[in-house]
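Undergrad: Okay, handing you the structure first.
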Amino acid sequence: MPSRKFADGEVVRGRWPGSSLYYEVEVLSHDHSSQLYIVKYKDGTELELKESDIKPLTSFRQRKSGSSSSSPSRRRGSRSRSRSRSPGRPPRSSRQSTSASRHATADLREMRKEVLEVKLTPLVLKPFGNSISRYNGQPERTKRDGTPPRSTQEKFHLLEERSCVSTQYSLRPRREEIKLKEMDSKEENVVSTRRPVSLQTSEAPAVQTRALEFRGVPGVLLVMLGLPPFLVLLLLMGRQQEPGLRSFPPPLPTWQDLWETRVFGVYVLWVFLQALLYMLPVGKVVEGMPLADGRRLKYRLNGFYAFLLTSAAVGTAVYWGVDLHYVYRHFLQFALAAVAFALGLSVYLAVRASRVPPSALAPASSGNAIYDFFIGRELNPRIGTFDLKYFCELRPGLIGWVVVNLAMLLAEVKLQKRAAPSLAMILVNGFQLLYVVDALWNEEALLTTMDITYDGFGFMLAFGDLVWVPFVYSLQAYYLVGHPNDVSWLMASLIIALKLCGYIIFRCANSQKNSFRKNPTDPKLAHLKTIPTSTGKNLLVSGWWGLVRHPNYLGDLLMALAWSLPCGFRHALPYFYVVYFAVLLVHREARDERHCRRRYGLAWEQYCRQVPHRILPHVY
């Protein structure tokens, strides 16, 4: 394990990301796996820096003193004082003034060099008067988690350039230069003697480590061991004629009911088909978010085309007589086949990640083998240009969800001997089809989510994308096959209204955020207010994001309720998804809160004061 250079609690100078400027920072902890230091700036912002971006405070003082002592003018001055005075030389006072001027010139040269190299500190752009920053009369807006606008960058570089020019090419008298030098030396002494509060109150501050999600290693072990049996339990309850507490637990299935090699082969063929569609040279190519080394990976957006081709292939197969009722009869076996595939993929990802460089690791990885197997160690695992995580996010599971729902619709018609599907089944299929089509149509928005930019690719995402989405999200359609429910047109109208309300909130909030990320100066967004942060990024504080902190989660919750209402109220099983989704959103919201509070510091606290409600207005 490579040795670390800086200790926890040490006060050093940290380079501001994206610039050559330095702040005074305190080292909080060190990640041995990624070789990154977690440092804290004076405004409370915590960032991860490489060792090469950190310098000790003593190096600046040594550089200053060393340069002065080795100045050529000083060496020449000492030699001139040792020599005898000749009649042709000017008086001693003149030589002393000349020597003093040489010393002042050398000091000024060293001071200019030091100011240019060391004294520059990052600018903290603060709001002027209110939460809307303005420059030349134009509102200064930035995406919710994006880059600073052009006007802010121009101000930053303009002020930086002015400070450099005024110091390097100043024509002020020597006295003012000496005063400037004395002020700089006093400031450096203050910086060197100033200690953080934690160091003033205790001699040995506690080592701060990154908090692990899911209660750490015991939590992820419980999730990994508990999810497959829980999935089997849900599907067995959905097959019961009268599901309820009296018939719980359901009878255990035989091994033949759980596993069939042919079913596993069909599932692998399905994933292989989606992989072929993923590699088709159709759709535009876009760049993802910047990585730790500054690179941007390229992604081809052809998910909607893959969905259309898959729909045409499935429709042709049904027309030729392929019985999709096979999916319903072997639904439990398909679920176990997906579990086996996701587990095998997770093992491959863990072995692969053990050989990648630290720059390829995900920010969420911890260095613990068990935790990283669950959360994912490598951020963007790729085989050539084939991105494994991006492929699994939208293709096999999400498109497979639609195919499963269609199979349940055909199974309902066949088993219940109907001439047409029930209204409840049509509502469930239609609502969830709209959700999938929307996700594939807005595929580019996936590139800015935490799944892509923060989490690695491990068991959590593999199981969620390949197993949980197609086999749990389709639970309402699976339930309606054996438990029909008649829905009146009045009730259907109310459910449709609820669905549309949730979809409008969900889509408008996400579209507003994505538009703000792409073009913060869009005239359509001129009415939006922002809060500037010390990272140069602004936070939206009006519009949909001024209603609650996570309006997209509110829309998700309303749509999930609309998916379950067509199943009626005879059993709570169809509403499991609503409860699960509510818990998931609360977990995601808490995770976002911790991430933003750590990243934006005081600016995030100001945002929380202005927008106190998280998901539900006036409730939570």
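The values are calculated or read from the model by the stated rules, or taken from the named source; none is laboratory data. All figures in this text were calculated on a predicted structure; none of them were measured in a lab. All Cβ positions, glycine included, derive from the backbone under ideal geometry; neighbour counts span all protein chains shown. Side chains are part of the model used for accessible areas, which takes the heavy atoms of the whole protein and leaves out ligands, DNA and RNA. Shrake-Rupley method; radii C 1.70, N 1.55, O 1.52, S 1.80 Å.
Undergrad: What's the number of the only condition in (1) within 23 Å of Y435 (Cα to Cα); (2) open to solvent by less than 40 Å² (accessible area, probe 1.4 Å); (3) at pLDDT below 80 that R588 fails to meet?
TA: (2)
Undergrad: A follow-up question, please. It is to be established whether one or more residues within region 327-337 are over 25 Å from D451 (Cα atoms), free of Cβ contacts under 8 Å to residues at least 40 places away in the same chain and of a type in the set (V, I, T).
TA: Checking region 327-337: not a single residue is over 25 Å from D451 (Cα atoms), free of Cβ contacts under 8 Å to residues at least 40 places away in the same chain and of a type in the set (V, I, T).
Undergrad: Which of the residues belonging to region 19-54 are within 22 Å of C596 (Cα to Cα), among the hydrophobic types (A, V, I, L, M, F, W, C) and over 21 Å from the mean Cα position of the chain (by Cα)?
TA: Correct list: V25, V27, L28.
Undergrad: Pull up region 282-299, narrow it to residues that are out of contact with any Phe, Trp or Tyr (no Cβ under 8 Å at 6 or more places or on another chain) and without any contact (Cβ under 8 Å) to a residue 60 or more places away in the chain, then point me to the one that is nearest to L394 (Cα to Cα).
TA: K284
Undergrad: What is the one condition in (1) under 25 Å from T453 (Cα atoms); (2) at pLDDT below 95; (3) open to solvent by 50 Å² or more (accessible area, probe 1.4 Å) that Y319 does not satisfy?
TA: (1)
Undergrad: Which residue, of I505, I531, is assigned to a strand (DSSP E or B) and crowded, with 16+ Cβ neighbours inside 10 Å?
TA: Of the residues listed, the single one that is assigned to a strand (DSSP E or B) and crowded, with 16+ Cβ neighbours inside 10 Å is I531.
Undergrad: Could I ask something else about it? Can you confirm whether G226 is assigned to a helix (DSSP H, G or I) and closer than 30 Å to R382 by Cβ?
TA: No.
Undergrad: Hey, another quick one. Does V579 qualify as being within 24 Å of S564 (Cβ to Cβ), at pLDDT below 80, among the β-branched types (V, I, T) and open to solvent by 30 Å² or more (accessible area, probe 1.4 Å)?
TA: Judged against the criteria, V579 is not a match.
Undergrad: Then there's this: Sort through I496, I505 and tell me the only one that's at pLDDT 90 or above and under 21 Å from E444 (Cα atoms).
TA: I505
Undergrad: Is there any pair with a first residue in region 370-395 that is among the hydroxyl-bearing types (S, T, Y) and a second that is open to solvent by 40 Å² or more (accessible area, probe 1.4 Å) and in a loop (DSSP other than H, G, I, E, B) whose Cβ atoms are under 8 Å apart and which are 6 or more apart or on different chains, and what are they?
TA: Y371/L212
Undergrad: Which residues, taken from region 460-502, are farther than 15 Å from L423 by Cβ, not polar (S, T, N, Q) and not in a helix (DSSP H, G or I)?
TA: Across region 460-502, the qualifying residue is only Y473.
Table: residues versus (1) of a type outside the set (F, W, Y); (2) closer than 29 Å to F334 by Cβ; (3) open to solvent by 40 Å² or more (accessible area, probe 1.4 Å).
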{"position": "L361", "(1), (2), (3)": "yes, no, no"}
{"position": "L379", "(1), (2), (3)": "yes, no, no"}
{"position": "I383", "(1), (2), (3)": "yes, yes, yes"}
{"position": "G400", "(1), (2), (3)": "yes, yes, no"}
{"position": "A411", "(1), (2), (3)": "yes, yes, no"}
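Undergrad: Starting from region 460-474, keep only residues that are open to solvent by 10 Å² or more (accessible area, probe 1.4 Å), then list their pairs with residues that are among the charged types (D, E, K, R) whose Cβ atoms are within a distance under 7 Å, requiring at least 6 positions of separation or different chains.
TA: The qualifying pairs are L461/K389; L461/D451; L461/D455; D465/E393.
Undergrad: Go through region 219-253 and give me each residue that's open to solvent by 70 Å² or more (accessible area, probe 1.4 Å) and at pLDDT below 85.
TA: R239, Q241, E242, L245, R246, F248, P249, P251, L252
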